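Asks: Got a structure for you, written out below as structure tokens; questions coming shortly.
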Amino acid sequence: MLIYDAEGSDVLLPYFDTNDVSILHVRREAIYLRCLALALIRHRRARLTLFQSYVDHVIRATRPRLIATFIDNEPEFHTLSRRHPDVVTVAVQNGMRSFDDHLFDPLFRAESQPVRGHIDEMFVYGDDVATLYQQRSTGRTHAVGSFIGNSIEVPIERGETVVFVSQYRTSPQHPGFVGGYAGMLYAEAEAYAAEHAVLPILHRWCADRGRRLVVAGCGLGDHDNEAAWFRQLLGDDAEFLPRRSRFENYERLSTAWLTVTIDSSLGYEMLARGARVAVLCCREPSLSPRLTDETMRFGWPRRLDENGPFWARSTQANMIEAALDFAGSSSDVEWSEAVRAHASGTLAYDPGNTIFRSVLRERLTLDRSQRSSVPTRKASA
């Protein structure tokens, strides 16, 4: 078996016999020198780019039965099956998707990838986004939700706090800026205009209702800078919980009275797991002109109203407060009906990744001992 791109390989490795796995480092962390030499000699004659030829020679050298990746939006991966039809290809979606990446960018697709790709098995967040993958590549799609989240065993036990999910990141090389699509940089004021609009309203709403507001940190490092940024918005009494491990926030959100997010994958995951979530998806043109397209709407690619029972695209206080009130105080029946009506196709939930395991058994006929060795993570790991 071959893992395409070391990024996320730690997520995939537990599902395979590690003695039979090679990793293709597409970011040049390691290079197969013999394969590179062959690619340099042969890529023009094969009418391939040097990178494509190099990948092909690595595949021929390692002779995998299956190639898997956790970087589902890498366009080159979608071309592999056309050149290696006897190898099973598998892609796992690792985050929310939009037109603002290479895979679904219409201009990129038209100019650089005019032919549809193919991936044998695509494990995607939900039925709605599956339609987009099917437009981009042929193959089977499976709505499974978050692959990482599915492996984390934390029950929903509603507590008393309101938890805002931080998405704050800055570029290490360019302080005060945020790295974006195709190497673009955005000033913090533009990248986080939605947070500037939402957080004061949320802070006041919590105070009026006697609810404690905490911020669940995003970065695994530079906690002081992230905490200081939120203090600027919320005041010195802002309660910030740094994220010290990869899975820590699952536990925090599973015990929240209400989770509030702008558009984080984690917020959508909690919605799929049955938690109460308000989605304040207001990265609108008037706030961040370069960062906005229709994919920022709640429920995309479905066409839902801009404001709904538990989401708001508007930055008007009354619309945001209405979404917060419903998400926090509606009855269990009202909440379940609203989620089922508006979000059932957005993100699935498959505890333990049973669908992935089943498809692997079908494709590779894994033996019983190997199938039972895949661990279920605890949130504090």
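Asks: Would you pick out the residues in region 236-250 that are touching a residue at least 24 places away in the same chain (Cβ under 8 Å) and either of a type in the set (D, E) or open to solvent by 60 Å² or more (accessible area, probe 1.4 Å) (or both)?
Replies: Passing the criteria: E239, R244, R246, E248.
Asks: Tally the residues that are closer than 20 Å to V279 by Cβ and crowded, with 19+ Cβ neighbours inside 10 Å, restricting the search to region 149-160.
Replies: 1
Asks: Sticking with this one: Scan region 221-230 for residues that are in a loop (DSSP other than H, G, I, E, B) and on the phi < 0 side of the Ramachandran plot and jot them down.
Replies: If we filter region 221-230 for residues that are in a loop (DSSP other than H, G, I, E, B), which is where we start, we get 221-222.
Answer for region 221-230, where residues must be in a loop (DSSP other than H, G, I, E, B) and on the phi < 0 side of the Ramachandran plot: just G221.
Asks: Sticking with this one: Residues that are under 23 Å from R363 (Cα atoms), assigned to a loop (DSSP other than H, G, I, E, B) and among the β-branched types (V, I, T): does region 30-42 have at least one?
Replies: Of the residues in region 30-42, the ones under 23 Å from R363 (Cα atoms) are none.
Within region 30-42, not a single residue is under 23 Å from R363 (Cα atoms), assigned to a loop (DSSP other than H, G, I, E, B) and among the β-branched types (V, I, T).
Asks: Only one of L36, L40 is in contact with a helix residue (DSSP H, G or I) (Cβ under 8 Å, 6 or more places away or on another chain), open to solvent by less than 70 Å² (accessible area, probe 1.4 Å), closer than 23 Å to H25 by Cβ and modelled with pLDDT of 95 or more. Can you tell me which? Give the derivation first.
Replies: Numbers: L40 fails: open to solvent by less than 70 Å² (accessible area, probe 1.4 Å).
Step by step, each of L36, L40 is checked, and only L36 is in contact with a helix residue (DSSP H, G or I) (Cβ under 8 Å, 6 or more places away or on another chain), open to solvent by less than 70 Å² (accessible area, probe 1.4 Å), closer than 23 Å to H25 by Cβ and modelled with pLDDT of 95 or more.
Asks: The conditions are (1) assigned to a loop (DSSP other than H, G, I, E, B); (2) at pLDDT 90 or above; (3) buried (at least 17 other Cβ atoms within 10 Å of the Cβ); (4) not β-branched (V, I, T), and S98 fails exactly one of them. Which is it?
Replies: (2)
Asks: Answer with yes or no whether R302 is open to solvent by 10 Å² or more (accessible area, probe 1.4 Å), more than 23 Å from F147 (Cα to Cα) and at pLDDT below 95. Give the steps one after another, and end with the answer.
Replies: Working: open to solvent by 10 Å² or more (accessible area, probe 1.4 Å): yes; more than 23 Å from F147 (Cα to Cα): no; at pLDDT below 95: yes.
No.
Asks: Taking L233 as the residue in question, decide whether it is of a type in the set (A, V, I, L, M, F, W, C) and either under 21 Å from L266 (Cβ atoms) or open to solvent by 70 Å² or more (accessible area, probe 1.4 Å) (or both).
Replies: Working: of a type in the set (A, V, I, L, M, F, W, C): yes; either under 21 Å from L266 (Cβ atoms) or open to solvent by 70 Å² or more (accessible area, probe 1.4 Å) (or both): yes.
Here the answer is yes, as L233 does meet what is asked.
Asks: Moving to a separate point now. Please go through region 169-203 and pick out each residue that is of a type in the set (F, W, Y) and either open to solvent by less than 40 Å² (accessible area, probe 1.4 Å) or modelled with pLDDT of 80 or more (or both).
Replies: The first filter runs over region 169-203 and keeps only residues of a type in the set (F, W, Y), leaving 177, 181, 186, 192.
Result: Y186, Y192.
Asks: Take region 310-359 and flag every residue that is among the β-branched types (V, I, T) and in contact with a strand residue (DSSP E or B) (Cβ under 6 Å, 6 or more places away or on another chain). Talk me through it step by step, then tell me what you get.
Replies: First pass over region 310-359, keeping only residues among the β-branched types (V, I, T): 315, 320, 333, 339, 346, 354-355, 359.
I320, I355, V359, listed by residue number.
Asks: Taking the options C218, C206, name whichever one is in a loop (DSSP other than H, G, I, E, B) and either surrounded by fewer than 16 Cβ atoms within 10 Å (Cβ to Cβ) or touching a residue at least 12 places away in the same chain (Cβ under 8 Å) (or both).
Replies: Working: C206 fails: in a loop (DSSP other than H, G, I, E, B).
The unique qualifying residue is C218.
Asks: Does region 1-28 hold any residues that are in a loop (DSSP other than H, G, I, E, B), among the hydrophobic types (A, V, I, L, M, F, W, C) and under 20 Å from N353 (Cβ atoms), and which are they?
Replies: Taking region 1-28 and keeping what is in a loop (DSSP other than H, G, I, E, B), we get 1, 5-8, 16-17, 21, 25-28.
Imposing the further condition that a residue be among the hydrophobic types (A, V, I, L, M, F, W, C) reduces the set to 1, 6, 16, 21, 26.
The answer is M1, F16, V21.
Asks: Let me spell it out: the conditions are (1) closer than 24 Å to G145 by Cα; (2) assigned to a loop (DSSP other than H, G, I, E, B); (3) at pLDDT 90 or above, and F104 meets all of them except one. Which number is the exception?
Replies: (3)
Asks: Please verify whether region 21-28 includes one or more residues that are of a type outside the set (D, E), farther than 18 Å from D86 by Cα and loosely packed, with under 15 Cβ neighbours inside 10 Å.
Replies: The answer is yes; a qualifying residue exists.
Asks: Residue under question is V90, and the condition is that it be under 15 Å from the mean Cα position of the chain (by Cα) and modelled with pLDDT of 95 or more; does it hold?
Replies: Numbers: under 15 Å from the mean Cα position of the chain (by Cα): no; modelled with pLDDT of 95 or more: yes.
For V90, the condition - under 15 Å from the mean Cα position of the chain (by Cα) and modelled with pLDDT of 95 or more - is not met.
Asks: Show the residue pairs meeting these rules: Cβ distance below 7 Å; 6+ apart or different chains; first residue within region 23-40 and more than 21 Å from F77 (Cβ to Cβ); second residue modelled with pLDDT of 95 or more and open to solvent by less than 100 Å² (accessible area, probe 1.4 Å).
Replies: Cβ pairs passing all conditions: L40/L50.
Table: residues versus (1) in contact (Cβ under 8 Å) with a residue 24 or more places away in the chain; (2) within 21 Å of the chain's Cα centre (by Cα).
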| residue | (1), (2) |
| --- | --- |
| W300 | yes, yes |
| P309 | yes, no |
| A317 | yes, no |
| S329 | no, no |
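Asks: From (1) open to solvent by 50 Å² or more (accessible area, probe 1.4 Å); (2) modelled with pLDDT of 90 or more, pick out the condition that doesn't hold for G328.
Replies: The failed condition is (1).
The values are calculated or read from the model by the stated rules, or taken from the named source; none is laboratory data. Quick caveat: nothing in here was measured; it's all calculated off a predicted structure. Cβ: placed from backbone, ideal geometry, glycine included. Neighbour counts: every protein chain shown. Protein only, heavy atoms only, side chains kept; ligands, DNA and RNA dropped before computing areas. Shrake-Rupley method; radii C 1.70, N 1.55, O 1.52, S 1.80 Å.
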